[in-house]
Amino acid sequence: MTHTHTDTDADTHAAVTRAAIDVTTAGLPAWLDPVAQAARCVRPQQLSRFLPPESGAGRQSAVLILFGDGPRGPELLLMERSGTLRSHPGQPSFPGGSLDPEDGDQATTGPLRAALREAEEETGLDPRGVQLFGVLPRLYIPVSSFVVTPVLGWWRAPSPVGVVDPAETARVFTVPVADLTDPANRATAVHPSGHSGPAFLVESALVWGFTAGVIDRILHYAGWERPWDRARQVPLDWRA
């Protein structure tokens, strides 16, 4: 579904920026309890070997990992980045981006506001329908120097989503968790540089890199992972 920004959208964005923002598990569906529990316990090293520089360098950013109830059960919201972007062009990803000054303190609520703001700007979703229920440890994307805070959300009141700006987003889509856990949809992506990592072949997309790594760890620590063939490889090209 497509979405066009209006003055009402601007008012909503301003209201979200000003409003108090909470992280709560109250009223969360029972199937999300393992994810919330994992968020409370997981350590950065358990999520990735790429951790933020101790110097504090890096571009502070946040992503929204948004779970909802879909026609086939639990699902995850993803988007495909425009192929013309300088950073990670054409890659499926979580909605997200850099923190803006108006997002506030980058050590506390700034990443929460940034995750919601970017998701609204990129997919058109109404942030008032999103309940934030957890925050994962900050991670690092070396190729772009992003320090990323993954913010977990429950799509309590779903709203229409779609491409807002084609220059940033190629498409917006949801993926059933059942497809992400299906061993037939899993593989190891191998880059010509030698780097390899988990990948998912879902919704006519190859999800790899940072996004696939985070999904892989969430599935693992939530106890949703099913055995899959790690020897099955999907080659990437140098443009990836």
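The values are calculated or read from the model by the stated rules, or taken from the named source; none is laboratory data. Because the structure is a prediction, the values reported are computed rather than measured. Here the Cβ positions follow ideal geometry from the backbone for every residue, glycine too, while neighbour counts run over all protein chains shown. With ligands, DNA and RNA removed, areas are computed over all heavy atoms of the protein, side chains included. Shrake-Rupley method; radii C 1.70, N 1.55, O 1.52, S 1.80 Å.
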- If you put +1 on each Lys and Arg Cβ and -1 on each Asp and Glu Cβ, how big is the dipole of the chain around its Cα centre, in Debye rounded to 20? 860
- What list of whole percents do you get for P(r) of segment 129-240, with Cα-Cα distances grouped in 5 Å bins up to the one holding the largest distance? 2, 9, 16, 21, 22, 19, 8, 3, 0
- Task: Select from SER61, SER204, SER159 the residue whose mean-square fluctuation is largest in a Gaussian network model of the chain (Cα-Cα springs shorter than 10 Å).
- Result: SER204
- Sum of -39500 (n - 2.57) over DSSP H runs of 4+, divided by residues of the chain (222 nm, nearest 500): -7000 deg cm²/dmol
- Evaluate segment 176-240: find the radius of gyration of its Cα atoms, find its Kirkwood radius, and give the ratio Rg to Rh. 0.95
- Item | For THR108, solvent-accessible area (1.4 Å; no DNA, RNA or ligand), Å² | 80
- Which whole-angstrom value gives the distance between the alpha carbon centres of segment 97-138 and segment 174-240? 25
- Just GLN91, GLN37, GLN46 to compare: in a GNM of the chain, with alpha carbon springs under 10 Å, which one fluctuates most? GLN46
- Using label points projected 7 Å from each Cα along Cα→Cβ, tell me how many nm separate ILE21 and GLU54, to one decimal. 3.0
- Query: Put +1 on the Cβ of every Lys and Arg and -1 on every Asp and Glu Cβ in the chain; which of MET79, PHE146, ILE21 then has its Cα farthest towards the positive end of the dipole?
  - Reply: PHE146
- Item | Among THR123, THR211, THR109: highest mean-square fluctuation, GNM of the chain, C-alpha pairs under 10 Å | THR109
- Note on the structure: Dividing the mean separation of Cα pairs under 8 Å (6+ apart) by the residue count of the chain yields a relative contact order in percent of 24
